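Notes for the one structure printed next.
All of the numbers you see were taken from the coordinates with simple rules; none came from a lab. This one's a predicted model, so the numbers in the text were calculated from it and none came from an experiment. Every residue, glycine among them, receives a Cβ derived from its backbone with ideal geometry; neighbour counts consider all protein chains shown.
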Amino acid sequence: MLVWFLDDKGNMYDWAPKWADVEQVFLKQINVERFNKPESEWLNKFAKTTQGVVEGAQRIQSARKVWGQFVAYHDQRLILEDSDGIQTPATPAFEVTIEFLDEWLQTYVEALLVNDTVIRVRERGEPGELIRQYP
């Protein structure tokens, strides 16, 4: 649940409410739906939303970060190689363009993978410093 906004200078920011606040809204909605008529339109929509949340959480459980050098793009997969020479192939969730390859190939990256799909790559500098990110 991200909200994107621009400040007065045109800088874009991401904001998300604290999980505890979202959890409270969700739990209170359960009580509201208990008092709705059985098979009501809203109860069914809430049940479908709840199912989507659970399924989404199950997919996220497979999320992991991989650190390594982006060494190749082969068979529509990014190939990341860690310091031990172990390669991790992963399908990108974004379009791989020539510009992307020119800018990122041979770069040491932190890649976020979900179900062996690269969601994003980051280049880091000093501890905690984000140099750049794609997408």
With each pseudo-label sitting 7 Å past Cα toward Cβ, what's the ALA20-SER83 distance in nm, one decimal? 3.7
What does the charge dipole of the chain about its Cα centre add up to, to the nearest 20 debye, if the Cβ of each Lys and Arg holds +1 and the Cβ of each Asp and Glu holds -1? 720
Between GLU81, GLU55, GLU99, which gets the highest mean-square fluctuation from a Gaussian network model of the chain, Cα cutoff 10 Å? GLU99
Share of Cα-Cα pairs in the range 3-60 beyond 19 Å, whole percent, is 50
How much length is gained on full extension from ARG132 to ARG64, taking 0.36 nm per residue of separation minus their Cα-Cα distance? 22.6 nm
Each label sits 7 Å from Cα toward the beta-carbon; between ASN115 and ASN36 the label points are separated, in nm, by 2.7
For ALA72, other-chain or 5+-apart residues with amide H closer than 5 Å (H placed, Pro excluded) are ILE79
Please get the size of the charge dipole for the range 64-134, origin at its Cα centre, with Cβ charges of +1 on Lys and Arg and -1 on Asp and Glu, quoted in debye to the nearest 20. 260
